[in-house]
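**Q** There's a structure below that I have some questions on.
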Amino acid sequence: MKSHTEYMTFNTDERRAFVRITENVQSAVDVSGAAEGMVLVSAMHITAAVWVNDDEPGLQEDTLEWLDKVAPPSWKEPANEVARELLPDPGDYRHHRGGEDNGDAHLKNLLVHHQVVLPITEGRLDLGPWQAVFYCEFDGRRSKRLVIKVMGD
Amino acid sequence: MKSHTEYMTFNTDERRAFVRITENVQSAVDVSGAAEGMVLVSAMHITAAVWVNDDEPGLQEDTLEWLDKVAPPSWKEPANEVARELLPDPGDYRHHRGGEDNGDAHLKNLLVHHQVVLPITEGRLDLGPWQAVFYCEFDGRRSKRLVIKVMGD
Amino acid sequence: MKSHTEYMTFNTDERRAFVRITENVQSAVDVSGAAEGMVLVSAMHITAAVWVNDDEPGLQEDTLEWLDKVAPPSWKEPANEVARELLPDPGDYRHHRGGEDNGDAHLKNLLVHHQVVLPITEGRLDLGPWQAVFYCEFDGRRSKRLVIKVMGD
């Protein structure tokens, strides 16, 4: 069995960001020499995620707006009444009692999921035509890591 | 290491549908000859998903209704005020500016997740008694693919 | 290829609970003898999940409150108007027609996802500093199982 491990580090300018990493994952597969197998792509932080979807800026803006409504941050005014009511009673996350302000980012990690496993066939990521891989940052502006683990033959 | 890859194609009559594929995944495991390992079941589209849950029609109807409230489509009247407020401001997805109408299906892909990895033990999918595997279509009525990748010994 | 399978059984006192299992998963990796590979940690029930996040009680309380708002139970009064509107029309889950009362727990399984795959590097779970692994129970007080499947070299 062949295996290969790589780490990527992100330090985004914005608090929230989508970073395309499809080509980085393919490169790790290339280095591994695996023709058949699987590659795990997993955020090593609890306020980040990995999503396979369309590389379309409008969709990403939609998704960030929607995530802010379903898992609202308390470091800014809630987007609307629904977002306000989805915040904890009576108004702020318990997680913030220790001085944190990223409670919403943990819930966004839950919604998007922190990892994906991608199939490798004949040495290539076996993705559909519109599937791109994104690192999803929900509490950036500091150094955060992701692991890529290839396993195959 | 043994590996085996199969593709399934779906073309559902309805825009949204759950299609049971447990037996198809087991068949792919049978063909692979793997007694111990893992099988990845992954939608190759960005408006579909894979869910492991109960094969119970009432639950599936509940889930589609709930998904429409949390990730509302804009091609029909919102189910209620919550659904209306979870749509983007001022009312439609940015993703639709190019002529698409499936913005909600991308968010449903996010919620349900596009893939699962199932354990294989003694040649069988090692599932609990109520676990069935479903392809979840959120923008059907056209040809869509799924990949099954078995890896084991 | 080395592989190893373990099962864990949970019978929580409370209906909902987070149970830390990081050390149990590491133990299974130790027994397997795998230095490089992946380990699948997967609930065998359709009303439970696995989450990798912070071992912080305030965050867990926030998460349970939020899950009850987004995927509301009908066996207690909805937490607020949003939760009430996210219930099915006209008020209870179709899934409950057979006598069940755990419709919300199926949706929480969907939100949190029932499984994770963790990387193994040099015989250790290759996790970030704050990543802990939790079994998430949403319909407990009865015996429920989880499978740990290690694959590696």
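**Q** Quick check on the range C:46-79: of everything there that is open to solvent by 30 Å² or more (accessible area, probe 1.4 Å) and farther than 24 Å from C:R145 by Cβ, which residue is farthest from the chain's Cα centre (by Cα)?
**A** C:E77
**Q** On the given criteria, is C:V82 open to solvent by less than 10 Å² (accessible area, probe 1.4 Å), out of contact with any Asp or Glu (no Cβ under 9 Å at 6 or more places or on another chain) and either within 18 Å of A:L110 (Cβ to Cβ) or of a type in the set (A, V, I, L, M) (or both)? Let's see the steps before the verdict.
**A** Values: open to solvent by less than 10 Å² (accessible area, probe 1.4 Å): yes; out of contact with any Asp or Glu (no Cβ under 9 Å at 6 or more places or on another chain): no; either within 18 Å of A:L110 (Cβ to Cβ) or of a type in the set (A, V, I, L, M) (or both): yes.
No: the conditions fail for C:V82.
**Q** Something else about it: Would the range A:86-98 turn up any residue that is under 22 Å from B:L107 (Cβ atoms) and more than 14 Å from chain C (Cβ to nearest Cβ)?
**A** No: the range A:86-98 contains no residue that is under 22 Å from B:L107 (Cβ atoms) and more than 14 Å from chain C (Cβ to nearest Cβ).
**Q** Continuing with the same structure: C:R16: more than 9 Å from chain B (Cβ to nearest Cβ), over 30 Å from A:N80 (Cβ atoms) and open to solvent by 10 Å² or more (accessible area, probe 1.4 Å), yes or no?
**A** Against the criterion (more than 9 Å from chain B (Cβ to nearest Cβ), over 30 Å from A:N80 (Cβ atoms) and open to solvent by 10 Å² or more (accessible area, probe 1.4 Å)), C:R16 does not qualify.
**Q** Moving to a separate point now. Between residues in the range A:41-53 that are facing chain C (nearest Cβ under 7 Å) and residues that are among the polar types (S, T, N, Q), which pairs lie under 9 Å by C-beta distance while being six or more apart or on different chains?
**A** Correct list of pairs: A:S42/A:Q115; A:M44/C:Q131; A:H45/A:N109; A:H45/C:Q131; A:I46/A:N109; A:I46/C:N53; A:I46/C:Q131.
**Q** Provide a single number: the residues in the range B:113-153 that are crowded, with 24+ Cβ neighbours inside 10 Å, hydrophobic (A, V, I, L, M, F, W, C) and in contact with a Phe, Trp or Tyr (Cβ under 7 Å, 6 or more places away or on another chain).
**A** Number of matching residues: 2.
**Q** Quick check on my filter: what residues within the range B:26-40 are within 14 Å of chain C (Cβ to nearest Cβ) and at negative phi?
**A** B:V29, B:S32, B:A34, B:A35, B:E36, B:M38, B:V39, B:L40
**Q** Mind checking which residues of the range A:45-58 are more than 16 Å from A:N102 (Cα to Cα) and in contact with a Lys or Arg (Cβ under 7 Å, 6 or more places away or on another chain)? Working first, answer last.
**A** Step one: of the range A:45-58, the residues more than 16 Å from A:N102 (Cα to Cα) are A:50-58.
Hits for the range A:45-58 are A:D55, A:G58.
The values are calculated or read from the model by the stated rules, or taken from the named source; none is laboratory data. Treat the numbers as computed from the prediction; the structure is a model and nothing was measured. So basically every Cβ, Gly included, is an ideal-geometry build from the backbone, and we count neighbours across all protein chains shown. Please note that ligands, DNA and RNA were not included when accessible areas were found on the heavy atoms of the full protein model with its side chains. Shrake-Rupley method; radii C 1.70, N 1.55, O 1.52, S 1.80 Å.
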